[in-house]
Amino acid sequence: MAENTPEPAAALLSSLTVAEDTTATPAATALLSAPATAVVGTPSPPPLQLFNSMTKKKEPFVPRVEGKVGMYVCGVTPYDFSHVGHARAYVAFDVLYRYLKFLGYEVEYVRNFTDIDDKIIKRANQNGETVTSLSSRFIAEFLADVAELQCLPPTHEPRVTEHIDNIIDLIKEIIKNDKAYVVDGDVYFSVDNFPEYLSLSGRILDHNRAGSRVAVDTRKRNPADFALWKAAKEGEPSWESPWGDGRPGWHIECSAMSAHYLGHVFDIHGGGKDLIFPHHENELAQSRAAYPESEVKCWMHNGFINIDDQKMSKSVNNFFTIRDIITLYHPLALRFFLMRTHYKSDANHSDKALEIASDRVYYIYQTLYDCDEVLSLHREENISVPVPAEEQKLVDDHNKAFLESMSDDLRTTDVLDGFMELLKAINGNLNDLKKLQQKLEQQKKKQQQQKKQQQKQQRPQKQPEDHIQALNALGAEIKHKLSILGLMTPSPLAAVLKQLKEKALKRAGLTEESLQEQIEQRIAARNNKQFDVSDQIRKELAGKGIALMDEPTGTVWRPCERE
């Protein structure tokens, strides 16, 4: 492991059930922010490797300052509800943020709001409201959405309009260094005077298409030159500057704010891969043109959310808002779906993929709930036997695989798949414990000791306390790792299961009452030996994502993938 990488965080106690979210409790927040300590017998995580978009390869992550990380992620332009493509970015970097904190780093995480922009001005004028009221409203909506997705709040969430002085000072430095020029109150960056331009994207300047959010300006010396400051237009918000009243260009804001909070050299700069050019390319140029020592140690970019092989985007009106999705699916299901694809790859949005994610989350929470229900019956027992070797090996192997996958550029796809073995083991122990308890009750007065010599070569049969300890260890390991991933909520397990079922009913167009009517109709059909009718009811419900299960106590239902 790198010399300045802290030791892994201590394993949590088996009673841990609370994880951090944007409204995390102080105790939960302290868990991830506390310095990590080594645990005897616990393997250290492998050295963290992250893919650097600048070098186009995975590299060992070595922070600039030992034990500390500075991370800047480009935020939203708040003029409308945020879409699932935005959620992709902020969940991806929340996972990184959480894992860095788990490793013991003190992370200063900055995520900005572009609260002055052409789109905001246009939408505010259409609505007949001020730019400030529009942007503030959708900032609040964005924060509510990412809180639902269990994203931890960044250390700083600056707005462009709060940092106009920093922006003006940065532009002054760029002009002083002969890397920008003034035309009629506008200030443009001169790409011809900055030979490093396009070093991040690898584009060739001759092939660069001028303009990204703006039309080409014939006053520019080179069509690729971009605006640092825009002269004021009638009816638009503006601020005083040495070049006349105006407002910042799009790219300069992040250069100014990242330097203000993190300094000219910091560790990680993130965003969607669509920001590599022009936004991050221009950021890099501006920062280094003003202060040549400026440097980002690792540039990171997440993939798109695609619909029908086309990037989800407001500009082509093929997007689903976060609010749209969590109306029908639990926010944990959306987070799971987003993490199911590696952050660098494009993810394909579909109802099927969301249903699979929802089904997996339900299975996880139902298994943990069943585990806790059984353990609650034995809380007062003084069980001192060790965790059975088989389950201890499962826990140790899972912990090792989790650390290896997360430290290898956040391979969340493998991490989520890795939970299945533990979940199966919990259900196996629950079933075995139930059978064993039934058997022991039957044999209370007839216990015998037979065939001892024959069993010497066989594995000793588990006793109830062995299963209890196995369940404790397996459940604690799952909750611990889900907490790191942001997939545990502060809500009781039963409450989450109830919410998942409510979402399933909504997708199916049913109420609890109407579903119960169909269950009773099916029971009546079975009693009358009308099995074709009962099978048809079950099939129709399965087609709507509702699975019926016949148990000794009666028929119950759970959400499922639509058949």
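Miscellaneous remarks
- Filter pass, residue 368 being of a type in the set (A, V, I, L, M, F, W, C), at pLDDT 95 or above and crowded, with 22+ Cβ neighbours inside 10 Å: yes
- Which listed residue is over 30 Å from residue 463 (Cα atoms), free of Cβ contacts under 8 Å to residues at least 40 places away in the same chain, open to solvent by less than 10 Å² (accessible area, probe 1.4 Å) and not polar (S, T, N, Q), from 403, 354: 354
- The sole residue among 68, 101, 57 that is more than 19 Å from the chain's Cα centre (by Cα) and touching a residue at least 40 places away in the same chain (Cβ under 8 Å) is 68.
- Residue 88 vs. criteria of a type outside the set (Asp, Glu), outside any loop (DSSP other than H, G, I, E, B) and crowded, with 16+ Cβ neighbours inside 10 Å: yes
- Identity of the residue in segment 462-496, acidic (Asp, Glu) and closer than 22 Å to residue 437 by Cβ, that ends up surrounded by the most Cβ atoms within 10 Å (Cβ to Cβ): 466
- Residues being under 14 Å from residue 306 (Cβ atoms) and either over 15 Å from the mean Cα position of the chain (by Cα) or buried (at least 22 other Cβ atoms within 10 Å of the Cβ) (or both) - total across segment 336-345: 2
- Taking segment 241-330 and the strands (runs of 3 or more DSSP E) fully enclosed by it, the elements with 1 or more residues that are of a type in the set (Gly, Ala, Ser), in contact with a Ser or Thr (Cβ under 8 Å, 6 or more places away or on another chain) and open to solvent by less than 10 Å² (accessible area, probe 1.4 Å) are at 246-248.
- Considering 267, 217, 178, the condition of being over 25 Å from residue 303 (Cα atoms) and at pLDDT 95 or above is satisfied by 178 alone.
- Cross-chain or 6+ apart pairs with Cβ under 6 Å, segment 279-297 first and without any contact (Cβ under 8 Å) to a residue 60 or more places away in the chain, then among the hydrophobic types (A, V, I, L, M, F, W, C): 283/254; 295/265
The values are calculated or read from the model by the stated rules, or taken from the named source; none is laboratory data. Given the structure is predicted, the values throughout are model-derived calculations rather than measurements. Note: ideal-geometry Cβ built from the backbone for every residue, glycine included; neighbour counts use all protein chains shown. Side chains included, ligands, DNA and RNA excluded: accessible areas come from the protein's heavy atoms. Shrake-Rupley method; radii C 1.70, N 1.55, O 1.52, S 1.80 Å.
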